[in-house]
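Just below is one structure, and these are the notes that go with it.
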Amino acid sequence: MRRKLIAGNWKMNGLLADGVSLASQVAELAKPRSHDCDLLICPPFTLLIEALRAVAGTPVAVGGQDCHAKLSGAHTGDVSPQMLTDLGCRYVILGHSERRADHGETDAEVKAKAEAALAANLTPIVCVGETESERDSGKTLEVVGRQLKGSLPEGGTAEKVVIAYEPVWAIGTGRTPTLDEVEEVHAMIRRESGLGAGVRILYGGSMKPSNAKELLALPDVDGGLIGGASLKAADFWAIASACP
Ligand code: PEP
């Protein structure tokens, strides 16, 4: 039985007061209730410590949005996976399409980062997904399969690695693939990941309270990676509450 994971990707949003307030609101919502899913927030680096303080003692975990492929060293401006673990983070998002686009991250770099994350005892959430033109030309399964093979860490296991399928054209656009299209890609990822049937595969791309229930009910969707809707505690909570 795969336990669902609802993960919030705050991206480059939130000054100190906003971040503390959002993390505290999520913690308040999560504290008194019983959960059918794991909960995770991934604030920007600057908010990690305060977010960890705000959710301490609640079931909400905290993760980073990226890390370096080395555990320490001369890499000005970077943050190592060990630094994230040291703070108390348990997860790190890697290979998000915005990092692939903005920073030219390749599959090989994502793989190296994911291996470093595992070495630092962090669970990498490895993101894959096709662009709109790749989908329109019928290449979705080929592209996602190739990213998967190139980006997943050696030595990963179903318990220690999470995969997120995020069609690039669905991120922040309000558009989503059909349920059949989502299930087709997730089922392929489960077959091809080499991590076994137990690996958790999140869907990301315009997931919101109004569509979460149907997406989370798909057999191979094991949770969500939520961008925009994770910036409002009530929406994030509504999505978590839609877990079957
Ligand atoms: C994301 O960037 O990971 C994401 C899924 O964004 P949104 O939910 O805003 O589409």
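The values are calculated or read from the model by the stated rules, or taken from the named source; none is laboratory data. Values in this document were obtained by computation on a predicted structure and should not be read as measured data. Because the Cβ atoms are built from the backbone with ideal geometry, glycine has one as well, and the counts that use them run over all protein chains shown. Please note that ligands, DNA and RNA were not included when accessible areas were found on the heavy atoms of the full protein model with its side chains. Shrake-Rupley method; radii C 1.70, N 1.55, O 1.52, S 1.80 Å.
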- [ ] Post the alpha-carbon centroid distance, segment 21-79 to segment 199-244, in whole angstrom.
- [x] 18
Task: Assigned charges on the beta-carbon of Lys, Arg, Asp, Glu; the chain dipole about Cα centre (debye) - done: 560
TODO: Considering only protein heavy atoms, with the full assembly of protein chains and a 1.4 angstrom probe, order Phe236, Phe45 by accessible area, largest first.
DONE: Phe45, Phe236
Task: Estimated vicinal HN-Hα couplings, Hz - segment 24-31 in sequence order (Karplus 6.51, -1.76, 1.60; Gly, Pro = x) - done: 5, 5, 5, 4, 4, 5, 7, 4
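For segment 52-182, count the residues as N, evaluate 2.2 N^0.38 Å, and divide the Cα radius of gyration by that value, please.
1.11
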TODO: State whether segment 120-244 is rounded, prolate or oblate according to the following rule on the C-alpha gyration tensor (a ≥ b ≥ c being the square roots of its eigenvalues): a/c under 1.5 gives rounded; otherwise a/b larger than b/c gives prolate, and the remaining case gives oblate.
DONE: oblate
TODO: Could you pull out every Cys in the chain that lacks a partner Cys with its beta carbon under 4.7 Å away?
DONE: Cys42, Cys67, Cys89, Cys127
Task: Global geometry of segment 120-171, whether rounded, prolate or oblate, following the gyration tensor of its Cα atoms and the 1.5 cut on a/c - done: prolate
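Can you compute the charge dipole magnitude of segment 142-203 about its Cα centre, using +1 on each Lys and Arg Cβ and -1 on each Asp and Glu Cβ, nothing else charged? Give it in debye, rounded to the nearest 20.
Numbers: 7 positive and 9 negative charges, 36 e Å.
So the magnitude is around 180 debye.
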Open item on the list: Run the numbers for Leu15 and Leu87: contour at 0.36 nm per residue of separation, minus the present Cα-Cα distance, in nm.
Closed with: 24.0 nm
TODO: Kindly write out, for segment 60-74 in residue order, the coupling ³J(HN,Hα) from the Karplus curve 6.51 cos²θ - 1.76 cosθ + 1.60 (θ = phi - 60°), rounded to whole Hz, with x marking Gly and Pro.
DONE: 7, 8, 10, x, x, 9, 5, 7, 7, 8, 10, 7, 6, x, 7
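Between their Cα atoms, which of Lys70/Lys208; Lys4/Lys31; Lys70/Lys160; Lys149/Lys213; Lys11/Lys113 are more than 27 Å away from each other?
Table pairs above 27 Å Cα-Cα are Lys70/Lys208; Lys149/Lys213.
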Open item on the list: I need the shape label for segment 1-52. Rule: rounded when a/c is under 1.5, else prolate if a/b > b/c, else oblate, with a, b, c from the alpha carbon gyration tensor.
Closed with: oblate
Open item on the list: Using a 1.4 angstrom probe on the protein heavy atoms only, could you order His103, His75 from most to least accessible area?
Closed with: His103, His75
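Could you work out the relative contact order of segment 145-244, using alpha carbon pairs under 8 angstrom and six or more residues apart, expressed as a whole percent?
Values: 153 pairs, mean separation 28.9, N = 100.
Rounded, it is 29 percent for segment 145-244.
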- [ ] Go ahead and estimate [θ] at 222 nm for the chain from helices alone: -39,500 (n - 2.57) per DSSP H run with n ≥ 4, summed, over the residue count, rounded to 500.
- [x] -11500 deg cm²/dmol
- [ ] Using a Förster distance of 45 angstrom, determine the FRET efficiency expected from the C-beta separation of Ser210 and Ser72, and round it to 0.05.
- [x] 0.50
TODO: Within segment 134-200, list the GluC sites (Glu not before Pro) lying in a DSSP loop whose Cβ has at most 11 other Cβ atoms in a 10 Å radius.
DONE: Glu154
